[in-house]
Amino acid sequence: MMMAYEVPMLITIAATCLLAGTFNINELVAAQYDNVWFIIPECIGAVSFFMCAAAESERSPFDLAEAESELVEGWQTEYGGMKWGLIMLGDYLRGACSCSIFVILFLGGWTLPFIDLNAWDLWWPVPEMVMLLKTWGVFFLVVMLRLGTARVRTDTILNLGWKVFMPLSIVNLIIVLMFRMGGVFC
């Protein structure tokens, strides 16, 4: 199941790096500050990456890899107290890292549109706060996805990955190639 979501996610990451013309994170963010956030020209890729990142972090309804629906709480029933808390912390950190990658790739990272945060001589870390707020906003959407969807069968999840998100990521790649050949984001 994880392969069904890793391949479209990597194609979307490659398309975003192709649109920016670099693999460097600082230059990815700078390319979005200079032009427009990549969520606008790559809206199909953003949706595909968001859903694939939720699947990779095994958030519901994509948590079938652990077979939690067969047990009370899956493999986590063997742990309690601090061990269970650390497992849940790791689970939520994995989701937060996916959301921060989404923010860097599609929402301009630690920048705000038309505002140069480095030009101000402030004593508090404004770019870091901007990045955290954007990441928390995307993570809120991931949590709402978990609350708003029911668990589905394994074959439906696999079909969604291979038959929906894979073609969407390829369409996104074709759109980015047309942008690059047209000279829009050069």
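Tabulated values for the structure
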| item | result |
| --- | --- |
| Highest-fluctuation residue, Thr135, Thr156, Thr22 considered, GNM on the chain with Cα pairs under 10 Å | Thr156 |
| Long-range amide H partners of Leu112 with built H, under 5 Å | Leu117 |
| Protein accessible area in the chain, 1.4 Å probe - carbon and sulfur % | 70 |
| Once exposed loop GluC sites (Glu not before Pro) are cut out (DSSP; at most 15 other Cβ, 10 Å), longest piece of the chain | 74-186 |
| Kirkwood hydrodynamic radius over Cα pairs of the chain, then Stokes diffusion coefficient at 4 °C and 1.567 mPa s, in µm²/s | 73 |
| Solvent accessible area, Å² - Asp91, 1.4 Å probe, full protein context | 30 |
| For the chain, with +1 on Lys and Arg beta carbons and -1 on Asp and Glu, the positive-most of Ser57, Leu168, Ala15 along the dipole | Leu168 |
| Percent RCO, i.e. relative contact order, over the chain, from Cα pairs under 8 Å lying at least 6 residues apart | 40 |
| Label point at Arg94 placed 7 Å out along Cα→Cβ; residues across segment 1-26 whose backbone nitrogen lies under 16 Å | 1-7 |
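The values are calculated or read from the model by the stated rules, or taken from the named source; none is laboratory data. The structure presented is a predicted model; accordingly, all values stated were derived computationally and were not measured. A quick note on method: Cβ atoms are made from the backbone with ideal geometry, for glycine too, and the neighbour counts reach across all protein chains shown. SASA here: full protein model, heavy atoms, side chains in, ligands and nucleic acids out. Shrake-Rupley method; radii C 1.70, N 1.55, O 1.52, S 1.80 Å.
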